Amino acid sequence: MKYDFQKIEKKWQKIWAKDNFKIWHAVDFSQKKRFYLLDMFPYPSGDGLHVGHAEGYTATDIYSRFLRLRGFNVLHPMGWDAFGLPAENFAIKTKTHPEENTKKSVARFKSQMQALGLSYDWQREFSTTDPSYFKFTQWMFLEMFRRGLVYEAQAPINWCPSCKTGLAEEDLEDGVCERCKSTVERRPVRQWVIRITAYAERLLDDLKNLDWPESIKQMQNDWIGRSQGYQFHFRVHNIAKHLEVFTTRIDTIYGATFLVLAPEHPMVKEITTHEYSYKVQEYARNVVNKSDIERNSAVEKTGVFTGSYAIHPITGIKIPIWIADYVTPDYATGAIMGVPAHDQRDFDFAKKYDLSILEVISLDGDTHREFDKPLEAKGVLVNSGLFNGLVCGVAQEKIANYIGAKPRVVYKLKDWVFARQRYWGEPFPLVFCEHCAEKIRNQKIPARRQAGKIKKGEFSEGELLNPGWIEVPGTRLPVTLPKVKSYEPSGTGESPLINVLDWVRTNCPKCKGPARRETDTMPQWAGSCWYYLGFALGNGRIKKKDIRKGWDIKCLKYWHPVDFYVGGVEHATRHLIYARFWHKFLNDLGLVTGTEPFKRLANQGLILGPDGEKMSKSRGNVINPDDVIKQYGADALRLYEMFMGPFEASKPWDTKGIIGVFRFLNRVSQLVAGNMGAHKELFAVSTDPSSLKVAQKSLHQTIKKVTDDIVGMRFNTAISALMQCEGALANAALRVSRNDFIKLIASYLVMLYPFSPHLASELWGYLGKGSIETQLWPRHNPRLIFEDYVTYAIQVNGKMRHTIKLAKSLGEDEVIHQAERAEQIGKWIKGKAVRKKIFVKHKIVNFVI
RNA sequence: GGGCAGGUGGCGGAAUGGCAGACGCGAUAGACUCAAAAUCUAUUGGCCGCAAGGUCGUGGGGGUUCAACUCCCCCCCUGCCCACCA
């Protein structure tokens, strides 16, 4: 009996595809228990699906099919995160519209997914580039805008002087332009920024209750980076100005022997004395032009003196004010007090520029005259006047009170630069109106606190905050992209849209006067912030013209939350923070249920090339799933990817390894098709009750193991159990009656079905009853697994010397007695004093001599 | 520099205090075959031994325990993420 996987897989894929894959459609408001199982949707690249995609998608497919057999109403959707740079760059190269190549890539991805037998609810498929979808993205942006969560800022971007364009971080390769290899400069460009930091505290706090891998939670925790400290100021000598600094170690204040400002600090100019101004300006210009990568990889700290001094708030001593690139402008106040005795960075800086170093904290209360590295800031205060002898923690509060420092919490998380100077993204629903800008500036209209309905002539909080920028009303969404002739960047750092004059020129929705559209577009992250809600709504609702009518809160409530979310770890600190923020914002507006979108999260490990290196075209170690399917079939590919190792571990592809699971599928096929098909007369020639018992025991042990393993995402050991069980069933095949064999095989095939659905469906046909999808997942019967006998390991001094099989019912004394009597043990303990006998029920006896 | 995850046969891995190496690949031998492939059967951590059996063995060193791949301390190595965050 040949295992004709090509024929079988084609056949079942065709059957499943009926009525737009109706068999996998989730049902809104069904009485069944609901389960929302989501894959991170892909960016449909021109290269097609790779084996890494297949890994995650197979795992969730197994889980989905498993849950359906357990009676759940499963929502398992798929869609496309299709805005993005690769499509735009490809469009520039081929002079075609990005929409065209996106469509092609989507079609390819979809057919590859279907060739893998993935059971998605295709009825809910959409792309983030669909105007019907992104009108909601624009609407949500507007909601943020009108609540003052969006502001304009000059943010530095990476600028390629040769391509004359701004580049995203993703376009950089080690600080160099990916396309022309020229060194990237920093340039300040006007950008839209979302005040995500307003949610920092909640993003941090709510992390605790999520069923996510600890490592991801840790990454987010560090990314948000909460620091608690104090803020206070130093007066500047001879100038009526003061400088705010932030520190988490105010107890080291006596050790502050200099101040350092970021070169970008707004007060640098006023503070710098005439004598030093040339050097300071030159230095600052130099630093600002450096890219982040250059600045961060600087081996040695550099800086220059401003010529000014600050007055120490307690001692009144004059300390020099420097600027240096190791202080970052956008964290806390952008100015620090240098405590070189207790901080590595300040120490390095002080050593280099010969600044004084004063020890102020000491473990033992003594002071150490010489030290060649900073001292640990632990213990009691020394050289600290009034506060000498106090323990650090106590001193912090006292000093803060003494100088009137305010407690402050600072986050590393930065506001979200939410704009790209590119074509292929969601247009902003904003226009700029000079007339309205004037009006706002002149009338000094106070900002509205409430974001309620805005009356004619009034402005929203966002409009007041960003004078001249006027919202495109929700009823006029979506703002769609115009067709353009060239996708080349403008050359002035703006999006290609700036050249499409009939699109840019428009009328102000407020005053009807002339206005121009925003020509930046949203970053790729925008569309993925709420797509899980899009799937929950379904296309019927999304496609409604009226946004409010499409936004069915009851339906969102039914499908909330995503019970299980599976995808790559690379999204730990971007997509997964943005989406959490977005959900919290929608929740604040009462538009969604719950404060967290994703209840449980798992990350698949990377699949490496056969050489153990990351797969890449340049290395030539890429495995193409299409080739594997052609040679071994989708069922074998699925099974192999799950069998390779733990789901979350990265593991190398072994070209030969797939043969093992391929052979296994052949054996299963042979077992069922061979026995049920050709040789019916062979059954029950000589039935043997003990064979049935052995087979049942193996089957039920396997049911228990496979069930537990799927829930715990341990697919590799589940498959191993299925392999062993196949052997047991094959042994029993001709020693049990036809009826008993059918019963055994039926349960077995149901278990195989989530892993290798095509073959399991096909073989189900031999049993002659209905479709496998309508079966219930088997339950193990504990009585069939129960063993009367158990094998004890007998140890002497912890070393295994012998095993004996004994009745499970035997008590401790009897087991020990039997163990002592055994010949192989006798020779070890004879004539020795047995000091202790350890007995572990059903496991082990250990004699300590 | 910091954080996290790891280190077990020739290879992927299993076992999370109780018989280390399940399952699979590969290898060796045999069966089938004119032959090969495929398939099937047996063996397969190292060393000693004809065997029974013994002995060593989970990156290295120490510790806890009757018992450690598993728990604790120190060190080494690999991968990933973050990186001058005051």
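The values are calculated or read from the model by the stated rules, or taken from the named source; none is laboratory data. These numbers come from a predicted model, not from an experiment. Using ideal geometry, Cβ is built from the backbone for each residue, glycine included, and neighbour counts are taken over all protein chains shown. The accessibility values were calculated without ligands, DNA or RNA, using every heavy atom of the protein model including side chains. Shrake-Rupley method; radii C 1.70, N 1.55, O 1.52, S 1.80 Å.
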Original post:
With every protein chain in place, what's the accessible area of A:Lys318 (1.4 Å probe, Å², nearest 10)?
Top reply: 100
Original post:
Can you work out the base-10 log of I(q)/I(0) for region A:656-788 at q = 0.16 1/Å, using the Debye formula on its C-alpha atoms alone?
Top reply: -0.80
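Please report, in debye to the nearest 20, how large the charge dipole of chain A is about its Cα centre when each Lys and Arg carries +1 at its beta carbon and each Asp and Glu carries -1 there.
2680
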Subject >> Sequence of A:Glu773, A:Glu494 when ordered by accessible area, the most exposed leading, probe 1.4 angstrom >> reply: A:Glu494, A:Glu773
Original post:
Can you give the accessible area of A:Glu648 in Å² (nearest 10), computed on protein heavy atoms with a 1.4 Å probe?
Top reply: 100
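Tell me the mean residue ellipticity at 222 nm calculated for chain A from its helices only (DSSP H runs of n ≥ 4, each -39500 (n - 2.57), averaged over every residue, nearest 500).
-10500 deg cm²/dmol
To the nearest 20 debye, what charge dipole does region A:635-791 have about its Cα centre, counting +1 at the Cβ of each Lys and Arg and -1 at the Cβ of each Asp and Glu? Kindly include the intermediate steps, with their values, before the conclusion.
Working: 17 positive and 14 negative charges, 44 e Å.
The dipole of region A:635-791 has a size of about 220 debye.
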Original post:
So for chain A, taking the charge dipole from beta-carbon charges (+1 Lys/Arg, -1 Asp/Glu), which of A:Leu118, A:Ile470, A:Ala310 sits furthest toward the positive end?
Top reply: A:Leu118
Original post:
Just in region A:775-824: which trypsin sites (Lys or Arg not before Pro) are loop by DSSP and have at most 13 other Cβ atoms within 10 Å?
Top reply: A:Arg779, A:Lys808
**OP:** Beyond 28 Å between alpha-carbons counts as too far, so tell me which of A:Lys705/A:Lys843; A:Lys378/A:Lys406; A:Lys11/A:Lys93; A:Lys439/A:Lys543 fall in that bin.
**Re:** A:Lys11/A:Lys93; A:Lys439/A:Lys543
Original post:
Leaving out ligands, DNA and RNA but keeping every protein chain, what accessible area does A:Tyr309 have, in Å² rounded to the nearest 10, with a 1.4 Å probe?
Top reply: 80
Original post:
So how long is each side of region A:227-281 along the principal axes, counting just the alpha-carbon atoms, biggest first, in Å?
Top reply: 36, 22, 18
Subject >> Potential extension, A:Glu300-A:Arg476 segment - 0.36 nm per residue separation minus Cα distance >> reply: 57.9 nm
**OP:** Leaving out ligands and nucleic acids, note down the accessible area per residue over region A:659-810 with a 1.4 angstrom probe, in whole Å².
**Re:** 46
**OP:** Tell me which residues come under 5 Å, amide H to amide H, from A:Tyr36 once H is placed; ignore anything under 5 positions away on its chain.
**Re:** A:Leu75, A:Asp563, A:Phe564
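What per residue convex hull volume, in Å³, do the alpha-carbon atoms of region A:538-610 yield?
124
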Subject >> A:Thr183 paired with A:Lys485, simple spin-label distance in nm, labels 7 Å along Cα-to-beta-carbon >> reply: 3.7
Subject >> Lys, Arg +1 and Asp, Glu -1 on Cβ, resulting dipole of region A:175-282 about Cα centre, debye, nearest 20 >> reply: 360
Original post:
Averaged per residue, what accessible surface does region A:1-44 expose to a 1.4 Å probe, in Å²?
Top reply: 62
**OP:** Over every pair of different alpha-carbon atoms in region A:450-607, take the mean of 1/r and invert it; report that Kirkwood radius in Å.
**Re:** 18.8
Original post:
Put +1 on the Cβ of each Lys and Arg and -1 on the Cβ of each Asp and Glu in region A:365-446; which of A:Asn442, A:Tyr402, A:Val382 then has its Cα farthest toward the positive end of the dipole?
Top reply: A:Asn442
**OP:** Taking a cut-off of 18 Å between Cα atoms, list the aspartates and glutamates near A:Lys808, but don't count ones fewer than 8 places away on the same chain.
**Re:** A:Glu787, A:Asp788, A:Glu820
Original post:
Put A:Met78, A:Met615 in order of accessible area, largest first, 1.4 Å probe: what do you get?
Top reply: A:Met615, A:Met78
Original post:
How large is the accessible surface per residue of region A:348-422, computed with a 1.4 Å probe and reported in Å² as a whole number?
Top reply: 59
Original post:
Over all directions, what mean area does the Cα convex hull of region A:305-373 project, stated in square nanometres?
Top reply: 5.7
Original post:
Restricting attention to the alpha-carbon atoms of chain A, what are Rg (one decimal) and Dmax (integer), both in Å?
Top reply: 34.3, 109
Subject >> Efficiency of FRET between A:Ser616 and A:Leu210 - r from beta-carbon atoms, R0 30 angstrom, step 0.05 >> reply: 0.40
Original post:
Largest first, what is the accessible-area ranking of A:Arg146, A:Arg65 with a 1.4 Å probe?
Top reply: A:Arg146, A:Arg65
**OP:** Roll a 1.4 angstrom probe over the protein heavy atoms and tell me the percent of accessible area of chain A that is carbon or sulfur.
**Re:** 51
